[in-house]
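Let me begin by presenting the structure, written as structure tokens, before commenting on it.
The values are calculated or read from the model by the stated rules, or taken from the named source; none is laboratory data. All figures in this text were calculated on a predicted structure; none of them were measured in a lab. So basically every Cβ, Gly included, is an ideal-geometry build from the backbone, and we count neighbours across all protein chains shown. In case anyone asks, the SASA skips ligands and DNA or RNA and just uses the protein heavy atoms, side chains included. Shrake-Rupley method; radii C 1.70, N 1.55, O 1.52, S 1.80 Å.
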Amino acid sequence: MNRTHATPSPLVLVVEDEPELSDILVAYLQRDNLRTILAANGPDALRQFREHQPAIVLLDIRLPGKDGVDVLKEIRQESDTPVIMTTALADDLDKMLSLRLGADDYVVKPYNPAEVIERVRAVLRRTLRTQQTRQEAPLRIGQIEIDAQGYTARAYDAQENPIALPLTLTEFRILACLAKRPRRCFSRAELIEACLPESDALDRVIDSHLSKLRRKLQDAGCDDLIETVRGIGYRLWRDS
């Protein structure tokens, strides 16, 4: 007899040293059909992470044994597993530090547990889309080839000689986003959502990334590949 085995629900590692709060989070997560494991300090969080390989981590910043930011650093050295930081301190410096170190989202206590669950689901959805993108074949648009699986991009000259483009992760995401829909104009807000979804980036941050991306494309011989649409945003013009 053939048996169909259901795919197990995502496993969430909850790292929280306040028992009442961790109990509430676990109850909400399990009610949403998510599996959970708990850790109450930094060293145990890393042990649980390495042993169980969760799909996502809810990580408090202020922890006994090892600070949550240090735990995040070690996780990022080993894995790109999504991490949502939680803290009682609404300090923008703490927030930006966590995001620069690779956190996928950030919530400040006191928070609504239902909102935290929505954040978890949103990050898991984006992670799934990223994994699907990585499985796609390289995309060729005019002179540019984008390998979503390897996170690399290259330009080709008139003789079809490849030139590697030294892009940052954000620059790569922007180029890949534009290339998937050539000639479509993307607003700055759309680019922020697609390429910097968990940051508090302003429009001028996208402008800065686009400026650097354009310079690198020009250095590779791809002049005027990205067009600015005044008052709207940017689009990639495909060579005809």
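Worth pointing out:
- Checked across the range 75-98, the condition of being more than 24 Å from residue 122 (Cβ to Cβ), modelled with pLDDT under 90 and open to solvent by 10 Å² or more (accessible area, probe 1.4 Å) holds for at least one residue.
- Qualifying residue in the range 226-238 (condition: assigned to a helix (DSSP H, G or I), open to solvent by less than 60 Å² (accessible area, probe 1.4 Å), among the hydrophobic types (A, V, I, L, M, F, W, C) and at pLDDT 90 or above): no
- Identity of the residue in the range 99-118, within 13 Å of the chain's Cα centre (by Cα), not in a strand (DSSP E or B) and not hydrophobic (A, V, I, L, M, F, W, C), that ends up modelled with the highest pLDDT: 104
- Taken together, the residues in the range 111-121 that are in contact (Cβ under 8 Å) with a residue 24 or more places away in the chain and either closer than 16 Å to residue 59 by Cα or touching a strand residue (DSSP E or B) at 6+ places or on another chain (Cβ under 8 Å) (or both) amount to 7.
- Residues that are small (Gly, Ala, Ser), under 21 Å from residue 11 (Cα atoms) and in a helix (DSSP H, G or I) do occur in the range 56-78.
- Residue match in the range 180-188 (condition: closer than 21 Å to residue 122 by Cα and surrounded by 14 or more Cβ atoms within 10 Å (Cβ to Cβ)): yes
- Checking each residue in the range 63-74 for being surrounded by 15 or more Cβ atoms within 10 Å (Cβ to Cβ), farther than 12 Å from residue 98 by Cβ and not hydrophobic (A, V, I, L, M, F, W, C) picks out 65, 66, 74.
- Extreme residue, nearest to the chain's Cα centre (by Cα), among residues of the range 156-167 that are touching a residue at least 40 places away in the same chain (Cβ under 8 Å) and assigned to a loop (DSSP other than H, G, I, E, B): 167
- Being of a type outside the set (S, T, N, Q), open to solvent by 70 Å² or more (accessible area, probe 1.4 Å) and at pLDDT below 85 is a property that residue 136 has.
- Residue selected from the range 168-197 under the condition farther than 16 Å from residue 138 by Cα, among the β-branched types (Val, Ile, Thr) and not in a loop (DSSP other than H, G, I, E, B), by the criterion modelled with the highest pLDDT: 170
- Residue ID - modelled with the lowest pLDDT, chosen from residues in the range 144-155 that are open to solvent by 70 Å² or more (accessible area, probe 1.4 Å) and either out of contact with any strand residue (DSSP E or B) (no Cβ under 9 Å at 6 or more places or on another chain) or part of a helix (DSSP H, G or I) (or both): 149
- Meets criteria (in contact (Cβ under 8 Å) with a residue 60 or more places away in the chain, open to solvent by less than 70 Å² (accessible area, probe 1.4 Å) and touching a Ser or Thr at 6+ places or on another chain (Cβ under 9 Å)) for residue 34: yes
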